[in-house]
1. Looking at region C:80-98, which of its residues are crowded, with 24+ Cβ neighbours inside 10 Å and either within 7 Å of another protein chain (Cβ to nearest Cβ) or not in a strand (DSSP E or B) (or both)?
2. When both residues are 6+ apart or on different chains and their Cβ atoms are under 9 Å apart, which pairs have a first residue that lies in region C:140-153 and is without any contact (Cβ under 8 Å) to a residue 12 or more places away in the chain and within 11 Å of chain A (Cβ to nearest Cβ), and a second that is outside any loop (DSSP other than H, G, I, E, B) and polar (S, T, N, Q)?
3. So, of the residues in region B:21-72 that are within 8 Å of chain C (Cβ to nearest Cβ), part of a helix (DSSP H, G or I) and of a type in the set (D, E), which turns out to be farthest from C:L100 (Cα to Cα)?
4. Given the conditions (1) buried (at least 24 other Cβ atoms within 10 Å of the Cβ); (2) in contact with a strand residue (DSSP E or B) (Cβ under 6 Å, 6 or more places away or on another chain), and given that A:L64 satisfies all but one, which numbered condition is not satisfied?
5. Looking at region C:169-193 only, could you name the residues that are within 15 Å of the chain's Cα centre (by Cα) and either part of a helix (DSSP H, G or I) or facing chain A (nearest Cβ under 7 Å) (or both)?
6. Considering only residues that are within 13 Å of another protein chain (Cβ to nearest Cβ), under 20 Å from A:M101 (Cβ atoms) and in contact with a helix residue (DSSP H, G or I) (Cβ under 8 Å, 6 or more places away or on another chain), which ones fall in region C:63-79?
7. Given the residues C:A54, C:A73, C:A17, which is the only one that is without any contact (Cβ under 8 Å) to a residue 40 or more places away in the chain and closer than 28 Å to C:M112 by Cα?
8. Identify all residues within region A:45-61 that are surrounded by fewer than 20 Cβ atoms within 10 Å (Cβ to Cβ) and under 17 Å from the mean Cα position of the chain (by Cα); write none if there are none.
Amino acid sequence: MKLLDLTGKKILITGAAVGIGKETAILVNKLGAEVILIDIDENGLKEVIASLEGNGNQFYSYDLNDLDGIESEIDKILFGFGPLDGFVHCVGIRSRRPLSMMSPKLLSEIMCLNFGSFVELVRCVTKKNNFNKGLSIVGISSVSSLRGSAGVTAYASSKAAMDCAVRCLAKELASKKIRLNTVVPAQVNTPAYKDLIKLKGDAKDDILFRQYLGLGEPADVANIIAFLLCKGSGLITGSAIPADGGFLST
Amino acid sequence: MTNKEKIRLIEETLELEENTLTENTMLSEIENFDSMTKLTLIVLCDDEFDKKLTGEKINEFKTIKDILDFMD
Amino acid sequence: MINPMELTGKQILVAGATSETGLTIVNQLGNLGAKVVMLDIIEKKLPEIEDITARDNVVLYTFNIYENAEIEAGFNQIVKECGVFNGFVYCGGIGGVRPLSLMKYDFIKNMMNANLFSFVEMVRCITKKNRFANRGSIVAISSVSSIKGLKSKTAYSASKAALDASVRCLAAELSEKKIRVNSILKGWVETDMKAAFIKSNMELNENDDLKKQLLGIIDPIEIANTVAFLLSDATKTITGISLLLDGGYVL
């Protein structure tokens, strides 16, 4: 018996054009799954799809800021693709702003994309006929959800909201045999991280410093996501699983 | 809204097949009729009919008809 | 006799001050010697509010604290008329329950607005230069829902978790100005029992949620005392925490 086996499973991945979403798509496909990839970056998606095996994989370019359109889009997509066994949400924007430059509007925009789209997608994929029993949902959180640092109020709040929603929804949806969890990375080597480094210049990255196993790779996080999608993680629900290179423990 | 339409709305909200429910269906017979189902009906009454159904009240209802009557 | 929770000479702003818990907080802070500036959206002037605002160390401002566009101007006026503050308490916010199937983002956004966005905007306004004393203290009222999952409370719980995350970040950011930021995770309070949706939800609950609160229901005065504790010099180096006030609920 293989611990990581997703043969014949159908998995939806958002934010799949780059970084963690992309590596997750590649990995779950290698493990036998058929995937639907959603991102705003159509070209990026095409490249990822081209690297996957099997004929059933699909991609859709969609701006997840448009929450109102998600329901009809998902219903349409799943009508063709079939009910899901997994859903991984890797869409989110980082933001760094001092308090003096914060505004409710900004807070709201970040909450809407990072958190609102997640809950709305969960609501839609857990509608009858859109999922199979044993559906596993994974959201990408952040150590910012649990530890405070300056300038990341909006981002941290949105991630804490996601972790909390997962605790509530895991209980609410348990009777439908659906599990929800988040993965909690610290710094991961993604395009977003590369941008952050450019911004910081010479300034020390405090998070990286505490992450004593060093900078994570998207593929490392994808491994944990894959495990959470598989039957082997069947007892894990409502949890926030650290993928943080030791950050939270020290 | 006619009673037939209300029943259909309840069926859709609870994700039940069309024609699963009739006015005389006992609530206790409905698949998975638990506290979450009751809460869903409470919110539905508020959203669609502007009626404040309470937990205490819904616990007194026996059939679908009781709910339909409340919605009026 | 020394009172480590002495607040004489301190001026405290309390937002969301006219709820029952808010009034209890205002009253107790006044008893401990503070000058209290109350702030809330008021629908009707109840006798309890009249009584408290009659005290000569209490002053009341009213505007829609959830209308973000009004907060900055409102705070400009308050600071102009009242001067520097030593403490800020946020006990505004709304509650509510909704199952996932009927929960669209509007419901969540409303909750986030009242429980998070208004709080952060108020902190931004009150901590502008020369408005908040060095070694000042900020307290937000949160909930055990922030850390424990309950069915149908996704929106409310997530807004409280977001509030607590913002408290940690603001604590880090405002530490430079030596301003402390903390929250209180309250469990079931006596006053909760009067809210229609809570009564209703309790009537539906299969598990007796209140029983999990081993030491029984919380008296609003305990919240007031805990707020005073966090505002006072007794907690000079406590910052970024979410203090459990839950009668053993999360055990």
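1. C:C91, C:G92, C:G93
2. Listed by first residue and then by second, the contacts come to C:G149/C:S157.
3. B:E56
4. Only one criterion in (1) buried (at least 24 other Cβ atoms within 10 Å of the Cβ); (2) in contact with a strand residue (DSSP E or B) (Cβ under 6 Å, 6 or more places away or on another chain) is unmet by A:L64, namely (2).
5. C:T191, C:D192
6. The answer is C:N68, C:I71, C:E72.
7. Going through C:A54, C:A73, C:A17 in turn, just one is without any contact (Cβ under 8 Å) to a residue 40 or more places away in the chain and closer than 28 Å to C:M112 by Cα: C:A73.
8. Hits for region A:45-61 are A:Y60, A:S61.
The values are calculated or read from the model by the stated rules, or taken from the named source; none is laboratory data. Everything quoted here is computed from the prediction, not taken from an experiment. Neighbour counts run over all protein chains shown; Cβ positions are idealised from the backbone, glycine included.
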